[in-house]
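Okay, so here's the structure we're looking at.
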Amino acid sequence: MGEFKSLEDINLDVVNSYKNSSNNDLWKLNYHIEAPFGLVNDPNGLCYYDGEYYIFFQWNPYGCEHKFKHWALVKTKDFVNFTMPKAVLAPNDWYDKNGCYSGSGIVVDGKLELLYTGNVKDDKGNRESYQCRATCDKEGNITKLGPVIPEIPKGYTAHFRDPKVYKKGDVFYCVIGAQNEELKGRVILYSSEDFKSWKLEGEIGTKYKEFGYMWECPSAFELDGNDILVFSPQGLEKEEFKNQNIYQSGYIIGNLNYDTLNFDHCEFKELDMGFDFYAPQCFKDDNGRNLMIGWMGLPEEEDGHPTRKFGRIHCLTMVRELSIREGVLYQRPIEEFKNLRKELIVDLQNVQCNEYKFDSIRSNSYELLLDLNRIDSSKVELKFALGKDEHMSFKYDFESGIAIIDRSNMLEGDKGIRKFKLLPKDNIKIQMFMDTSACEIYLQDGLEVASSRIYPKEDSFEVKLISEGGSVEIHKAKVWNLEGVKYNE
Ligand code: FRU
(Lines give C-alpha, C1' and ligand atoms only; values in the text may rest on other atoms or scores of the structure.)
Protein backbone atom coordinates (compact mmCIF):
# COMPACT_ATOMS: atom_id res chain seq x y z
CA MET A 1 0.00 0.00 0.00
CA GLY A 2 1.38 3.37 -0.96
CA GLU A 3 0.47 6.58 0.83
CA PHE A 4 -2.77 6.85 2.72
CA LYS A 5 -5.36 9.27 1.43
CA SER A 6 -5.92 12.28 3.66
CA LEU A 7 -8.89 12.11 6.03
CA GLU A 8 -10.49 14.94 3.98
CA ASP A 9 -10.24 12.87 0.79
CA ILE A 10 -11.69 9.78 2.43
CA ASN A 11 -14.55 11.86 3.80
CA LEU A 12 -15.20 13.42 0.42
CA ASP A 13 -15.55 9.89 -0.96
CA VAL A 14 -18.08 9.21 1.81
CA VAL A 15 -20.18 12.24 0.88
CA ASN A 16 -20.04 11.28 -2.79
CA SER A 17 -20.99 7.72 -2.17
CA TYR A 18 -24.05 8.83 -0.18
CA LYS A 19 -25.00 11.18 -3.01
CA ASN A 20 -24.58 8.47 -5.63
CA SER A 21 -26.00 5.61 -3.63
CA SER A 22 -28.66 3.81 -5.57
CA ASN A 23 -32.07 2.96 -4.23
CA ASN A 24 -31.86 -0.57 -5.43
CA ASP A 25 -29.04 -1.47 -3.10
CA LEU A 26 -31.06 -4.20 -1.46
CA TRP A 27 -28.93 -4.77 1.64
CA LYS A 28 -28.08 -1.19 2.47
CA LEU A 29 -29.06 -0.74 6.09
CA ASN A 30 -31.74 1.69 7.19
CA TYR A 31 -31.00 2.06 10.88
CA HIS A 32 -27.94 -0.01 11.70
CA ILE A 33 -24.73 1.98 11.48
CA GLU A 34 -22.49 0.98 8.61
CA ALA A 35 -20.02 2.71 6.31
CA PRO A 36 -20.70 3.21 2.61
CA PHE A 37 -17.50 1.35 1.75
CA GLY A 38 -14.77 -0.64 3.44
CA LEU A 39 -14.80 -2.81 6.54
CA VAL A 40 -16.47 -1.84 9.80
CA ASN A 41 -15.57 -3.53 13.06
CA ASP A 42 -15.54 -2.75 16.79
CA PRO A 43 -17.45 0.21 18.25
CA ASN A 44 -14.92 2.54 19.92
CA GLY A 45 -14.83 5.65 22.09
CA LEU A 46 -18.54 5.51 22.91
CA CYS A 47 -19.60 8.43 25.03
CA TYR A 48 -22.07 11.20 25.61
CA TYR A 49 -20.35 14.54 25.11
CA ASP A 50 -21.95 17.95 25.23
CA GLY A 51 -25.45 16.75 24.40
CA GLU A 52 -24.39 14.36 21.65
CA TYR A 53 -23.62 10.69 21.44
CA TYR A 54 -20.21 10.00 19.91
CA ILE A 55 -20.01 6.64 18.23
CA PHE A 56 -16.59 5.85 16.84
CA PHE A 57 -15.77 2.54 15.19
CA GLN A 58 -12.94 0.64 13.58
CA TRP A 59 -12.89 1.22 9.86
CA ASN A 60 -10.76 0.15 6.96
CA PRO A 61 -11.79 2.66 4.29
CA TYR A 62 -9.64 0.90 1.67
CA GLY A 63 -11.30 -2.50 1.39
CA CYS A 64 -13.02 -5.44 3.02
CA GLU A 65 -9.90 -6.82 4.75
CA HIS A 66 -8.71 -6.30 8.30
CA LYS A 67 -6.05 -3.76 7.40
CA PHE A 68 -5.36 -0.02 7.68
CA LYS A 69 -7.58 0.42 10.70
CA HIS A 70 -8.78 4.00 11.11
CA TRP A 71 -11.35 5.29 13.55
CA ALA A 72 -14.56 6.61 12.02
CA LEU A 73 -17.12 8.74 13.85
CA VAL A 74 -20.85 9.32 13.70
CA LYS A 75 -22.58 11.69 16.11
CA THR A 76 -26.21 11.92 17.06
CA LYS A 77 -28.44 13.71 19.54
CA ASP A 78 -31.51 11.57 19.06
CA PHE A 79 -30.52 8.37 17.23
CA VAL A 80 -32.61 9.49 14.26
CA ASN A 81 -30.39 12.21 12.79
CA PHE A 82 -26.73 11.33 12.44
CA THR A 83 -23.67 12.98 11.04
CA MET A 84 -22.23 11.09 8.10
CA PRO A 85 -19.55 8.57 9.02
CA LYS A 86 -16.21 10.34 8.87
CA ALA A 87 -12.68 9.04 9.16
CA VAL A 88 -11.17 10.89 12.12
CA LEU A 89 -8.06 8.96 13.15
CA ALA A 90 -5.51 7.50 10.76
CA PRO A 91 -2.66 5.04 11.38
CA ASN A 92 0.07 7.40 10.27
CA ASP A 93 2.44 7.71 13.26
CA TRP A 94 5.30 5.42 14.31
CA TYR A 95 3.27 4.21 17.30
CA ASP A 96 0.09 3.26 15.38
CA LYS A 97 1.41 2.68 11.87
CA ASN A 98 -0.22 -0.76 11.51
CA GLY A 99 -3.57 0.26 12.87
CA CYS A 100 -5.36 2.61 15.23
CA TYR A 101 -6.89 -0.29 17.10
CA SER A 102 -9.80 -0.24 19.51
CA GLY A 103 -10.09 2.11 22.43
CA SER A 104 -12.50 4.24 24.38
CA GLY A 105 -13.46 7.74 25.38
CA ILE A 106 -14.46 9.70 28.45
CA VAL A 107 -15.27 13.34 29.10
CA VAL A 108 -12.73 14.97 31.43
CA ASP A 109 -13.14 18.64 32.42
CA GLY A 110 -15.33 19.33 29.42
CA LYS A 111 -12.93 17.63 26.99
CA LEU A 112 -13.32 14.34 25.20
CA GLU A 113 -10.29 12.20 26.01
CA LEU A 114 -9.56 9.07 24.01
CA LEU A 115 -7.30 6.13 24.69
CA TYR A 116 -6.63 3.62 21.91
CA THR A 117 -4.13 0.95 20.93
CA GLY A 118 -1.43 1.77 18.45
CA ASN A 119 -0.63 -1.46 16.66
CA VAL A 120 2.87 -1.77 15.23
CA LYS A 121 4.40 -4.66 13.34
CA ASP A 122 7.92 -5.04 12.00
CA ASP A 123 8.97 -6.71 8.73
CA LYS A 124 9.05 -10.10 10.41
CA GLY A 125 5.50 -9.66 11.75
CA ASN A 126 6.62 -9.03 15.37
CA ARG A 127 4.00 -7.03 17.17
CA GLU A 128 4.28 -4.02 19.44
CA SER A 129 1.39 -2.37 21.20
CA TYR A 130 1.17 1.19 22.52
CA GLN A 131 -1.76 2.62 24.46
CA CYS A 132 -2.10 6.11 23.07
CA ARG A 133 -3.88 9.24 24.20
CA ALA A 134 -5.80 11.61 21.94
CA THR A 135 -8.38 14.34 22.39
CA CYS A 136 -11.39 15.06 20.24
CA ASP A 137 -13.09 18.43 19.79
CA LYS A 138 -16.76 19.08 19.11
CA GLU A 139 -16.21 19.04 15.36
CA GLY A 140 -14.75 15.55 15.63
CA ASN A 141 -11.16 16.71 15.04
CA ILE A 142 -8.73 14.48 16.87
CA THR A 143 -5.37 15.57 18.25
CA LYS A 144 -3.01 12.69 18.85
CA LEU A 145 -0.88 12.90 21.99
CA GLY A 146 1.10 9.68 21.60
CA PRO A 147 1.69 6.69 23.88
CA VAL A 148 0.83 7.06 27.58
CA ILE A 149 1.22 3.36 28.35
CA PRO A 150 4.23 2.63 26.15
CA GLU A 151 5.17 -0.69 27.73
CA ILE A 152 3.63 -4.09 28.02
CA PRO A 153 3.70 -5.27 31.62
CA LYS A 154 6.05 -8.15 32.52
CA GLY A 155 4.59 -11.58 31.97
CA TYR A 156 2.33 -10.61 29.04
CA THR A 157 2.70 -10.86 25.26
CA ALA A 158 2.20 -8.05 22.75
CA HIS A 159 -1.44 -9.11 22.43
CA PHE A 160 -2.21 -6.24 24.72
CA ARG A 161 -4.91 -3.89 23.51
CA ASP A 162 -8.32 -2.21 23.61
CA PRO A 163 -8.06 0.14 26.64
CA LYS A 164 -11.48 0.96 28.08
CA VAL A 165 -11.52 3.91 30.49
CA TYR A 166 -14.00 4.62 33.24
CA LYS A 167 -14.13 6.69 36.37
CA LYS A 168 -14.71 5.53 39.93
CA GLY A 169 -14.72 8.28 42.54
CA ASP A 170 -11.91 10.64 41.55
CA VAL A 171 -9.82 7.99 39.87
CA PHE A 172 -9.71 7.02 36.22
CA TYR A 173 -9.32 3.36 35.54
CA CYS A 174 -8.67 1.50 32.37
CA VAL A 175 -8.99 -2.18 31.61
CA ILE A 176 -6.88 -3.65 28.82
CA GLY A 177 -7.30 -6.99 27.03
CA ALA A 178 -4.24 -9.19 27.37
CA GLN A 179 -2.57 -12.54 26.89
CA ASN A 180 -0.10 -13.84 29.44
CA GLU A 181 3.13 -15.65 28.56
CA GLU A 182 1.37 -18.99 29.09
CA LEU A 183 -0.90 -17.82 26.25
CA LYS A 184 -4.00 -17.41 28.39
CA GLY A 185 -6.47 -14.53 28.10
CA ARG A 186 -6.49 -11.95 30.89
CA VAL A 187 -7.60 -8.38 31.73
CA ILE A 188 -5.15 -5.85 33.19
CA LEU A 189 -6.15 -2.78 35.21
CA TYR A 190 -4.44 0.62 35.21
CA SER A 191 -5.30 3.78 37.12
CA SER A 192 -4.65 7.47 36.61
CA GLU A 193 -5.37 10.75 38.37
CA ASP A 194 -4.90 13.00 35.37
CA PHE A 195 -5.21 10.84 32.26
CA LYS A 196 -1.58 11.54 31.38
CA SER A 197 0.29 9.13 33.58
CA TRP A 198 -1.05 5.67 34.13
CA LYS A 199 -0.14 3.28 36.92
CA LEU A 200 -0.23 -0.48 36.52
CA GLU A 201 -2.59 -1.88 39.16
CA GLY A 202 -2.30 -5.49 38.02
CA GLU A 203 -4.27 -8.39 36.64
CA ILE A 204 -7.95 -8.71 37.48
CA GLY A 205 -8.20 -12.00 39.36
CA THR A 206 -11.09 -13.98 37.98
CA LYS A 207 -11.75 -17.69 38.45
CA TYR A 208 -11.12 -18.20 34.75
CA LYS A 209 -7.46 -19.20 34.60
CA GLU A 210 -7.93 -21.32 31.47
CA PHE A 211 -10.53 -19.58 29.38
CA GLY A 212 -9.17 -19.01 25.90
CA TYR A 213 -5.87 -17.60 24.68
CA MET A 214 -6.79 -13.93 24.43
CA TRP A 215 -9.42 -11.63 25.89
CA GLU A 216 -10.21 -8.69 23.64
CA CYS A 217 -12.23 -5.55 24.20
CA PRO A 218 -12.93 -5.48 27.95
CA SER A 219 -15.47 -3.01 29.43
CA ALA A 220 -15.82 -2.66 33.19
CA PHE A 221 -18.66 -0.82 34.91
CA GLU A 222 -21.04 -0.80 37.83
CA LEU A 223 -24.72 -1.47 37.53
CA ASP A 224 -27.10 -1.48 40.51
CA GLY A 225 -24.22 -2.12 42.90
CA ASN A 226 -22.78 -4.99 40.87
CA ASP A 227 -19.43 -4.97 39.10
CA ILE A 228 -19.61 -6.16 35.55
CA LEU A 229 -16.76 -7.12 33.28
CA VAL A 230 -17.63 -7.58 29.63
CA PHE A 231 -14.96 -9.14 27.43
CA SER A 232 -14.48 -11.10 24.24
CA PRO A 233 -12.52 -14.30 24.83
CA GLN A 234 -10.92 -16.15 21.94
CA GLY A 235 -10.29 -19.89 21.99
CA LEU A 236 -13.30 -21.30 23.87
CA GLU A 237 -14.57 -24.75 22.91
CA LYS A 238 -17.83 -25.00 21.00
CA GLU A 239 -20.67 -26.57 22.97
CA GLU A 240 -24.17 -27.64 21.93
CA PHE A 241 -25.84 -24.54 23.37
CA LYS A 242 -22.88 -22.19 23.80
CA ASN A 243 -19.87 -20.69 22.08
CA GLN A 244 -21.07 -21.46 18.61
CA ASN A 245 -19.36 -18.61 16.79
CA ILE A 246 -15.63 -18.47 16.12
CA TYR A 247 -15.15 -16.11 19.09
CA GLN A 248 -17.42 -15.09 21.97
CA SER A 249 -18.45 -11.96 23.83
CA GLY A 250 -19.95 -12.09 27.26
CA TYR A 251 -19.77 -10.92 30.84
CA ILE A 252 -19.12 -11.87 34.41
CA ILE A 253 -20.98 -10.17 37.21
CA GLY A 254 -20.08 -9.93 40.89
CA ASN A 255 -17.84 -7.92 43.12
CA LEU A 256 -14.41 -6.53 42.19
CA ASN A 257 -12.19 -5.66 45.12
CA TYR A 258 -10.08 -2.70 43.98
CA ASP A 259 -7.46 -3.35 46.70
CA THR A 260 -6.74 -6.98 45.94
CA LEU A 261 -8.12 -6.98 42.35
CA ASN A 262 -9.93 -10.15 43.21
CA PHE A 263 -13.17 -10.49 41.27
CA ASP A 264 -15.72 -12.70 42.96
CA HIS A 265 -18.12 -13.53 40.17
CA CYS A 266 -20.72 -15.85 38.63
CA GLU A 267 -20.37 -17.86 35.43
CA PHE A 268 -19.46 -16.17 32.17
CA LYS A 269 -22.55 -15.59 30.07
CA GLU A 270 -22.63 -14.81 26.37
CA LEU A 271 -24.30 -11.55 25.42
CA ASP A 272 -25.77 -12.54 22.09
CA MET A 273 -26.67 -15.93 20.66
CA GLY A 274 -26.93 -14.97 16.98
CA PHE A 275 -24.45 -15.47 14.16
CA ASP A 276 -22.94 -12.00 14.14
CA PHE A 277 -21.89 -10.34 17.36
CA TYR A 278 -18.50 -9.47 18.82
CA ALA A 279 -16.41 -6.88 20.66
CA PRO A 280 -19.21 -4.87 22.32
CA GLN A 281 -18.42 -1.71 24.25
CA CYS A 282 -20.44 -0.31 27.16
CA PHE A 283 -20.83 3.28 28.34
CA LYS A 284 -23.03 5.45 30.51
CA ASP A 285 -24.88 8.50 29.22
CA ASP A 286 -25.82 11.62 31.18
CA ASN A 287 -29.26 10.20 31.91
CA GLY A 288 -27.58 7.41 33.83
CA ARG A 289 -28.36 4.79 31.23
CA ASN A 290 -25.88 1.96 30.76
CA LEU A 291 -25.69 1.44 27.04
CA MET A 292 -23.96 -1.07 24.82
CA ILE A 293 -23.20 -1.35 21.13
CA GLY A 294 -21.65 -4.43 19.56
CA TRP A 295 -19.94 -5.13 16.30
CA MET A 296 -22.44 -7.05 14.20
CA GLY A 297 -19.79 -9.24 12.68
CA LEU A 298 -16.94 -11.54 13.55
CA PRO A 299 -13.40 -11.69 12.29
CA GLU A 300 -11.89 -14.34 10.04
CA GLU A 301 -14.97 -16.18 8.73
CA GLU A 302 -16.11 -13.31 6.57
CA ASP A 303 -16.07 -14.55 3.00
CA GLY A 304 -19.77 -15.37 3.00
CA HIS A 305 -21.04 -11.78 3.28
CA PRO A 306 -22.30 -10.86 -0.19
CA THR A 307 -21.98 -7.09 0.41
CA ARG A 308 -18.27 -7.61 -0.30
CA LYS A 309 -19.27 -7.46 -3.97
CA PHE A 310 -20.22 -3.84 -3.37
CA GLY A 311 -17.02 -3.06 -1.50
CA ARG A 312 -18.40 -2.98 2.01
CA ILE A 313 -18.82 -5.35 4.92
CA HIS A 314 -20.30 -5.36 8.46
CA CYS A 315 -22.16 -2.92 10.69
CA LEU A 316 -22.79 -2.12 14.33
CA THR A 317 -25.68 -3.43 16.39
CA MET A 318 -28.52 -1.23 17.59
CA VAL A 319 -27.84 0.63 20.81
CA ARG A 320 -28.99 -1.44 23.77
CA GLU A 321 -29.80 -0.39 27.28
CA LEU A 322 -28.56 -2.74 29.99
CA SER A 323 -30.29 -3.57 33.25
CA ILE A 324 -30.03 -6.32 35.83
CA ARG A 325 -32.79 -8.59 37.04
CA GLU A 326 -32.07 -11.45 39.43
CA GLY A 327 -28.38 -11.38 38.69
CA VAL A 328 -28.81 -11.52 34.92
CA LEU A 329 -28.15 -8.78 32.42
CA TYR A 330 -31.09 -7.77 30.24
CA GLN A 331 -30.69 -5.87 26.98
CA ARG A 332 -33.37 -3.74 25.39
CA PRO A 333 -33.09 -1.53 22.34
CA ILE A 334 -33.07 2.06 23.58
CA GLU A 335 -36.38 3.97 23.66
CA GLU A 336 -35.26 6.24 20.84
CA PHE A 337 -35.81 3.45 18.31
CA LYS A 338 -39.54 4.01 18.83
CA ASN A 339 -39.08 7.27 16.92
CA LEU A 340 -38.37 5.25 13.78
CA ARG A 341 -41.84 3.69 13.87
CA LYS A 342 -43.66 4.94 10.81
CA GLU A 343 -46.89 3.08 10.59
CA LEU A 344 -48.54 0.40 12.69
CA ILE A 345 -49.37 -2.30 10.16
CA VAL A 346 -50.32 -5.18 12.43
CA ASP A 347 -52.26 -4.87 15.66
CA LEU A 348 -53.70 -8.12 16.97
CA GLN A 349 -54.94 -9.40 20.27
CA ASN A 350 -56.00 -12.79 21.54
CA VAL A 351 -56.04 -14.69 18.27
CA GLN A 352 -55.87 -18.45 18.55
CA CYS A 353 -54.28 -20.17 15.57
CA ASN A 354 -52.11 -22.95 14.21
CA GLU A 355 -50.70 -20.71 11.54
CA TYR A 356 -50.80 -16.99 10.93
CA LYS A 357 -49.47 -15.01 7.99
CA PHE A 358 -48.68 -11.34 8.58
CA ASP A 359 -49.92 -10.23 5.18
CA SER A 360 -49.35 -6.53 5.65
CA ILE A 361 -45.57 -6.89 5.98
CA ARG A 362 -44.31 -5.89 2.54
CA SER A 363 -40.68 -5.01 3.16
CA ASN A 364 -37.71 -5.99 5.29
CA SER A 365 -37.64 -2.88 7.47
CA TYR A 366 -39.91 -3.38 10.47
CA GLU A 367 -40.20 -4.01 14.16
CA LEU A 368 -42.33 -6.90 15.27
CA LEU A 369 -43.61 -7.48 18.79
CA LEU A 370 -45.07 -10.88 19.43
CA ASP A 371 -46.38 -12.22 22.70
CA LEU A 372 -47.45 -15.84 22.40
CA ASN A 373 -49.19 -18.14 24.85
CA ARG A 374 -48.91 -21.85 24.41
CA ILE A 375 -52.32 -23.47 24.30
CA ASP A 376 -51.57 -27.02 23.27
CA SER A 377 -48.68 -26.24 21.00
CA SER A 378 -45.34 -27.94 21.53
CA LYS A 379 -43.21 -25.62 19.37
CA VAL A 380 -43.56 -22.38 17.47
CA GLU A 381 -41.66 -21.29 14.42
CA LEU A 382 -41.49 -17.77 13.08
CA LYS A 383 -40.52 -17.78 9.43
CA PHE A 384 -39.37 -14.44 8.07
CA ALA A 385 -37.50 -13.11 5.08
CA LEU A 386 -39.75 -15.69 3.52
CA GLY A 387 -39.90 -15.88 -0.26
CA LYS A 388 -40.55 -18.43 -2.96
CA ASP A 389 -37.41 -20.41 -2.30
CA GLU A 390 -35.86 -19.15 0.93
CA HIS A 391 -36.63 -18.23 4.50
CA MET A 392 -35.04 -17.52 7.84
CA SER A 393 -36.45 -19.04 10.97
CA PHE A 394 -36.67 -18.68 14.73
CA LYS A 395 -37.98 -21.66 16.68
CA TYR A 396 -38.91 -22.07 20.31
CA ASP A 397 -39.75 -25.33 22.02
CA PHE A 398 -42.14 -24.67 24.92
CA GLU A 399 -41.20 -27.94 26.64
CA SER A 400 -37.42 -27.85 26.52
CA GLY A 401 -36.97 -24.09 26.33
CA ILE A 402 -34.55 -24.59 23.44
CA ALA A 403 -34.42 -21.79 20.89
CA ILE A 404 -32.98 -22.12 17.41
CA ILE A 405 -32.04 -19.53 14.83
CA ASP A 406 -31.84 -21.21 11.48
CA ARG A 407 -30.51 -19.57 8.37
CA SER A 408 -29.81 -22.75 6.44
CA ASN A 409 -32.69 -22.01 4.08
CA MET A 410 -31.34 -18.67 2.91
CA LEU A 411 -29.90 -18.55 -0.60
CA GLU A 412 -27.15 -15.95 -0.13
CA GLY A 413 -24.66 -15.61 2.69
CA ASP A 414 -23.50 -18.12 5.26
CA LYS A 415 -25.91 -20.75 6.48
CA GLY A 416 -26.23 -22.90 9.60
CA ILE A 417 -28.06 -22.85 12.89
CA ARG A 418 -27.52 -21.39 16.34
CA LYS A 419 -29.05 -23.15 19.33
CA PHE A 420 -29.44 -21.85 22.83
CA LYS A 421 -31.44 -22.38 25.98
CA LEU A 422 -34.18 -20.22 27.34
CA LEU A 423 -36.21 -21.36 30.32
CA PRO A 424 -39.09 -23.67 29.34
CA LYS A 425 -42.19 -21.50 29.63
CA ASP A 426 -45.73 -21.36 28.35
CA ASN A 427 -45.19 -17.90 26.98
CA ILE A 428 -42.65 -16.46 24.60
CA LYS A 429 -42.11 -12.78 23.93
CA ILE A 430 -40.31 -11.82 20.77
CA GLN A 431 -39.23 -8.35 19.71
CA MET A 432 -37.63 -8.52 16.31
CA PHE A 433 -35.97 -5.77 14.32
CA MET A 434 -35.47 -6.47 10.66
CA ASP A 435 -33.30 -4.02 8.76
CA THR A 436 -32.85 -5.22 5.16
CA SER A 437 -29.90 -7.51 5.96
CA ALA A 438 -29.50 -7.16 9.73
CA CYS A 439 -31.82 -8.85 12.14
CA GLU A 440 -31.89 -8.55 15.93
CA ILE A 441 -34.21 -10.73 17.96
CA TYR A 442 -34.82 -9.80 21.62
CA LEU A 443 -36.40 -12.61 23.59
CA GLN A 444 -38.24 -12.68 26.92
CA ASP A 445 -37.89 -8.90 27.45
CA GLY A 446 -34.20 -8.93 26.55
CA LEU A 447 -33.04 -11.92 28.56
CA GLU A 448 -31.45 -13.26 25.37
CA VAL A 449 -30.67 -11.52 22.11
CA ALA A 450 -29.68 -12.98 18.76
CA SER A 451 -28.16 -10.78 16.08
CA SER A 452 -27.56 -12.07 12.59
CA ARG A 453 -26.84 -10.85 9.10
CA ILE A 454 -29.03 -12.38 6.41
CA TYR A 455 -29.25 -11.45 2.78
CA PRO A 456 -32.78 -12.03 1.48
CA LYS A 457 -33.81 -11.48 -2.11
CA GLU A 458 -36.01 -8.52 -2.94
CA ASP A 459 -39.30 -10.37 -2.75
CA SER A 460 -38.42 -12.42 0.35
CA PHE A 461 -40.10 -10.39 3.09
CA GLU A 462 -43.07 -12.45 4.21
CA VAL A 463 -43.58 -13.38 7.83
CA LYS A 464 -45.47 -16.42 9.03
CA LEU A 465 -46.06 -17.98 12.42
CA ILE A 466 -46.44 -21.75 12.58
CA SER A 467 -47.40 -23.77 15.61
CA GLU A 468 -46.65 -27.48 15.91
CA GLY A 469 -48.60 -30.05 17.92
CA GLY A 470 -51.57 -27.77 18.57
CA SER A 471 -52.42 -24.12 18.67
CA VAL A 472 -51.03 -20.95 20.21
CA GLU A 473 -52.68 -17.75 21.24
CA ILE A 474 -51.27 -14.60 19.74
CA HIS A 475 -51.82 -12.69 22.91
CA LYS A 476 -50.48 -9.58 21.26
CA ALA A 477 -48.87 -8.82 17.91
CA LYS A 478 -47.78 -5.44 16.66
CA VAL A 479 -45.70 -4.57 13.65
CA TRP A 480 -44.45 -1.18 12.59
CA ASN A 481 -42.76 -0.22 9.38
CA LEU A 482 -39.58 1.51 10.36
CA GLU A 483 -38.01 4.42 8.61
CA GLY A 484 -34.31 4.84 8.24
CA VAL A 485 -32.07 7.17 10.21
CA LYS A 486 -30.86 10.26 8.40
CA TYR A 487 -27.27 11.19 7.67
CA ASN A 488 -26.37 14.84 7.33
CA GLU A 489 -23.03 16.20 6.23
C1 FRU B 1 -11.55 -7.03 17.99
C2 FRU B 1 -10.19 -6.49 17.58
C3 FRU B 1 -9.53 -5.72 18.71
C4 FRU B 1 -8.61 -4.81 17.96
C5 FRU B 1 -9.42 -4.47 16.74
C6 FRU B 1 -8.62 -4.23 15.51
O7 FRU B 1 -12.38 -7.25 16.91
O8 FRU B 1 -9.36 -7.55 17.15
O9 FRU B 1 -8.90 -6.52 19.67
O10 FRU B 1 -8.27 -3.69 18.69
O11 FRU B 1 -10.29 -5.56 16.53
O12 FRU B 1 -9.45 -3.80 14.47
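Given the criterion among the charged types (D, E, K, R), outside any strand (DSSP E or B) and over 30 Å from S363 (Cα atoms), identify the matching residue among K5, K28. Quick ask: steps written out before the conclusion?
Values: K28 fails: over 30 Å from S363 (Cα atoms).
After applying the criteria, what remains is K5.
In the list F268, F221, F231, which residue meets the criterion of being within 14 Å of the ligand (Cβ to nearest atom) and aromatic (F, W, Y)?
Working: F268 fails: within 14 Å of the ligand (Cβ to nearest atom); F221 fails: within 14 Å of the ligand (Cβ to nearest atom).
Every option except F231 fails the conditions.
Inspect all residues belonging to the stretch 81-90 and state whether any of them is open to solvent by 20 Å² or more (accessible area, probe 1.4 Å), over 25 Å from N16 (Cβ atoms) and either away from the ligand (no atom under 14 Å from the Cβ) or not acidic (D, E) (or both).
To start, the set of residues in the stretch 81-90 that are open to solvent by 20 Å² or more (accessible area, probe 1.4 Å) comprises 81, 83-84, 86.
Subsequent filtering for residues that are over 25 Å from N16 (Cβ atoms) retains none.
No, every residue in the stretch 81-90 fails to be open to solvent by 20 Å² or more (accessible area, probe 1.4 Å), over 25 Å from N16 (Cβ atoms) and either away from the ligand (no atom under 14 Å from the Cβ) or not acidic (D, E) (or both).
In the list Y31, Y62, which residue meets the criterion of being of a type in the set (F, W, Y) and more than 16 Å from the ligand (Cβ to nearest atom)?
Numbers: Y62 fails: more than 16 Å from the ligand (Cβ to nearest atom).
Just one listed residue meets the conditions, Y31.
For the stretch 322-365, which strands (runs of 3 or more DSSP E) that fit wholly inside it have 1 or more residues that are hydrophobic (A, V, I, L, M, F, W, C) and closer than 21 Å to A450 by Cβ?
Working: elements: 328-333, 341-353, 355-357.
Strands (runs of 3 or more DSSP E) meeting the threshold: 328-333.
Suppose we filter Y53, Y49, Y31 for residues that are farther than 24 Å from K138 by Cβ and open to solvent by less than 50 Å² (accessible area, probe 1.4 Å); which single one remains?
When all the criteria are applied, what remains is Y31.
Restricted to the stretch 234-250, and to residues that are at negative phi and within 16 Å of the ligand (Cβ to nearest atom), which residue is farthest from the chain's Cα centre (by Cα)?
Our first condition is that a residue be at negative phi; within the stretch 234-250, this holds for 234, 236-242, 244-250.
Applying the additional criterion that residues be within 16 Å of the ligand (Cβ to nearest atom) yields 234, 236, 245-250.
Values: Q234: 16, L236: 19, N245: 14, I246: 15, Y247: 13, Q248: 12, S249: 9, G250: 11 Å.
This residue is L236.
Take the conditions free of Cβ contacts under 8 Å to residues at least 60 places away in the same chain, surrounded by fewer than 21 Cβ atoms within 10 Å (Cβ to Cβ) and not in a strand (DSSP E or B) and apply them to N98. Does it pass?
Details: free of Cβ contacts under 8 Å to residues at least 60 places away in the same chain: yes; surrounded by fewer than 21 Cβ atoms within 10 Å (Cβ to Cβ): yes; not in a strand (DSSP E or B): yes.
In short, yes.
What is the residue count in the stretch 111-157 for residues that are in a strand (DSSP E or B) and in contact (Cβ under 8 Å) with a residue 24 or more places away in the chain? Working first, answer last.
Of all residues in the stretch 111-157, those in a strand (DSSP E or B) come to 111-121, 127-136, 142-149, 156-157.
Among the residues that remain, those that are also in contact (Cβ under 8 Å) with a residue 24 or more places away in the chain are: 111-120, 127-136, 142, 144, 146-149, 156-157.
Of the residues in that region, 28 qualify.
Among the residues of the stretch 155-211, write down those that are polar (S, T, N, Q) and either within 14 Å of the ligand (Cβ to nearest atom) or under 17 Å from D227 (Cβ atoms) (or both).
Filtering the stretch 155-211 for residues polar (S, T, N, Q) gives 157, 179-180, 191-192, 197, 206.
Matches in the stretch 155-211: T157, Q179, S191, T206.
Among the residues of the stretch 129-150, is any closer than 26 Å to P233 by Cβ and charged (D, E, K, R)?
no
The values are calculated or read from the model by the stated rules, or taken from the named source; none is laboratory data. What you are looking at is a predicted structure, and each value in this text was computed from that prediction instead of being measured. Reconstructed Cβ throughout: ideal geometry from the backbone, glycine too, with neighbour counts over all protein chains shown. Keep in mind that these areas ignore ligands, DNA and RNA; they rest on the heavy atoms of the full protein, side chains included. Shrake-Rupley method; radii C 1.70, N 1.55, O 1.52, S 1.80 Å.
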